[in-house]
Each structure stands twice: as C-alpha cells, then as structure tokens.
1. Mind checking the full-extension length gain between Gln323 and Ala335? Use 0.36 nm per residue of separation minus the Cα-Cα distance, one decimal, nm.
2. So, by mean Cβ neighbours within 10 angstrom, what's the order for 321-327, 158-164 with the highest one leading?
3. So, counting K/R as plus one and D/E as minus one, what does the shell of residues with Cβ under 12 Å around Tyr357 add up to?
4. Picking from Thr75, Phe381, Leu110, whose Cα lies most toward the positive end of the charge dipole for the chain (charges on Cβ: Lys, Arg +1; Asp, Glu -1)?
5. Can you list the HN-Hα couplings for segment 269-275, worked out from phi with the Karplus curve (6.51, -1.76, 1.60; θ = phi - 60°), rounded to whole Hz and with x for Gly and Pro?
6. Sorting check: for 57-64, 370-377, which peptide has the highest mean count of neighbouring beta carbons within 10 Å, and how do the rest follow?
7. If you work out Cα extents along the principal axes in Å from the coordinates, which of (1) 65, 55, 41; (2) 65, 48, 36; (3) 103, 38, 35 do you get?
8. Calculate the all-directions average of the projected area of segment 341-421's alpha-carbon convex hull, and give it in nm².
Amino acid sequence: MKGKQNNIDRRNFLKTMGAAGLGSVLAGCKGKEEEQPDTAEPVAEIEPEQTEFPHVPQRILGKTGIKIPCLALGTMFNLIDNQIILRSTLKYGVNYWDTSNNYAGGNSELGIGKYLERSPEVRKELFLVSKASRARTVAEVEERLQLSLERMKTDYIDLYYAPHGASDPAQFTDELKQWAESAKKRKLIRFFGFSTHSNMAQCLTAAAKLGWIDALMTSYNFRLMQDPQMQAAIDACHEANIGIIAMKTTGKTTISRFRLALETAADKKLIEHLLQRGFAQEQATIKLVLGDERISCACVGMESVAVLTANVAAVLDKTELTQTDREIFKQYAEATCSGYCAGCAEICNAALADLPYVSDIMRYLMYYNSYGDKDRARELFAQIPARVRNKLLSTDYSTAEARCPQHLPIGELVAEAVGKLA
C-alpha cells in the first residue's frame, strides 16, 4: 500500500479487536493523508480520503475502472434483523455489499431493501452485487434479477453474477452473453460476471478467453494458492483485465476435527507463529490473499460488528507478511489437505457419474462444521434431488477417494453429511 496511512500497532490491535472494537483502538487516529492519483493498473490501491473513521484502501476492479474497497461485505445471513452491520460497514468505506437471490431465503436482499428504503441517499455510495441463484436458463436469470431489484428497492445492480456457482465453462453461452448485453442496455446492471467454487481453474481459464466477463468471484485462499492450475487461471484472468474477487479466503476445512485449535502439530505451529507475529489466524489469511496484487477484493462474511472491525484492522495494518509467514501457511496447507475440499468436482464426477454432488456436499458440510451455518447447510443439502440423497449411504466411494488430490475420506464425510444435514 502506498502513501501515508494510519499506523496501527498490529499486536495490540488484532488481539483486542473482538472485545474493544475499532473505535476505542483508533481514537485520535486522524490526520491528513496524501491524495493518490488514478492509475490504469487493475489492482492499484488508492488511499481513501481521511474521515472520522479510517477507510479501507481501494483497488481498481479490472476493466470496469471502478474503485472498490479491498474488503467486501458478504451477506449470507438475515439482514432484516441485522441493519447495524450495513450501517457499520459504511463507516469504514466497506461499501461493496455482496448478496444473492437465495441468501437467507431472500432475507439478505430484503434487508438491503429495508435499509435503502429508509436511507435512499446511500444507494449512490454503494457497489451492490447480487447473483442469479439456481437459475438454469436465461429466462430464470431475468426473473431472479427482477426479483432482486424489487427486493432491494433499487433500479440497478452494479455487478450481477450468472451463473451463481458456475462449475462448467459450457454454462457461458452466447445466449447468456446476449442477455448480459441487454441487461446493460436496459440499465438494470452495470457489469456482468459469475461466481464459482467448483472447477474454478477451468471456469476462470475459459472466462479469460471470452471477452465479455467484467468481473468474477472465486474461492481463493492459502490452500488454493498451492495449485499450479489455479495460479495459471488467475494469471489468465488478470492478463485479460477481469476483476477478481476472492471468497472463502480463510480456507476452512470440511472435517470438524481440523478446526480444533492446537489439536494437531500443524495447527500448533501455525497458531504459535502467527501469535508471535501479532496476527490473528483468520485476519492473517485475508492479508495473505490481498497480498496477491491480482486480487481486487476479498469478500468475507461478516455477520457482526466485532468481525467487521477485526477484518478492517487486518486490512488497515501496514505490516506485510514475510516469506517465512507464507512458507508456514504452505506447510500448514500441505499438512491438513485431507480436511479441505479444493472444489475439483470434475474428478469426483468422473468417478461417480450417478452422484454429481460430492463437491457440493463437501462444501455444505464445511458450512456446517467450520462456519456454523447449520440452517443454510441443511437448506442446500435438501435441494439435492431425492433420488441422489437416497443413494448416498449405499454408494462405493473408493474410486473417488483414490483419485482425490486432497486424499479426502469421501465416504466418511458423505455419511457425516447425511447424519447432520438430512
């Protein structure tokens, strides 16, 4: 990050964020910042103007030329009853709100609509993103968009994703391209892209060749950084000047036992190293992702003000991760890979032609075990066709397990998912 910025002691800051909050730690952190010139570089950071609350730095979102905060609010929860998180994000310049048609059963978008109905002047400050959840046809994409506009009390959405959860480049059809162009001409959306957490490398590689994708959101974290195919795909999109938003940045595992601090030697080594450096683990993972200059923004689920302020602190902290820090993360990723599904669904699907949902089930189990989002995990699991769910416990997963690059105990995990999510 260039220019002058509030110099925040990371050891005291990150250790006390959960209890103290940003306001008490940053009391008196005022002063004139140097204004940064615009730049044509896709991810160049622009220091925001100083306000009462420090604002997170901004980066350019690829070919859109739009400045967005490098930290975005992910809203996979009920915003109707959590208006304070929306109000709090704006204090720190986190004006990128990411939602979807199906988040919290629609209550995420409805919560944004509730906020904008009361404070319509805020809309011009926002970079609002939504997605065409579960849309399988262009007609359904249009239906989802119209419903999202109605729910959020807005005439347009800044960035619209369709498909939401792309897993196959074949989904990027000419018909979808024509729809995106039409939606832009009708001024219903400003920019178009897609999200993906399955077969990410293939989807990103294909997108880089299309020419009509403005931005995309992909799973990306210290684990996926070790994948050469993923690195090549990120490179291709960056060279094509596609804005890249990172999600699932903490790299949380599917297996619950890997979440228990200090249970394994790898956990202990990572946590002790980060504590010595003055970092909290989840905030360090965000810093690691944003240390990649190809990434425009990290989209993080932040359901409470405490989590928001802790992540803002991590982004504002000027200390860069060292090569030793990165090596520790790499070692940790390698030591705990059998607890993390990397989303390479094509491998499981090839081994289990009748059950093309294994990667999805691993993700739902991660929501349950690592995110504590049990209701959403059950809701998503229930959307798997009944004919598939009925065969989950009687299927032989040995071939898929043998091919899995992460060496996941797939059969054991599927059984755990059935027990917890069914």
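Since every read-out is calculated from the coordinates, none of them should be taken as a lab result. Owing to the predicted nature of the structure, the values given are computational and were not obtained by experimental measurement. Note that we place each Cβ from the backbone using ideal geometry, even for glycine, and neighbour counts take in every protein chain shown.
1. Full extension of this stretch gives 2.5 nm more.
2. Going from most to least packed, we get 158-164, 321-327.
3. Cβ neighbours under 12 Å give a net charge of +2.
4. Leu110
5. Those phi angles translate into 5, 5, 5, 5, 5, 5, 5 Hz.
6. Most protected by this proxy first, the peptides run 57-64, 370-377.
7. (1)
8. With every direction weighted equally, the projected area is 4.7 nm².
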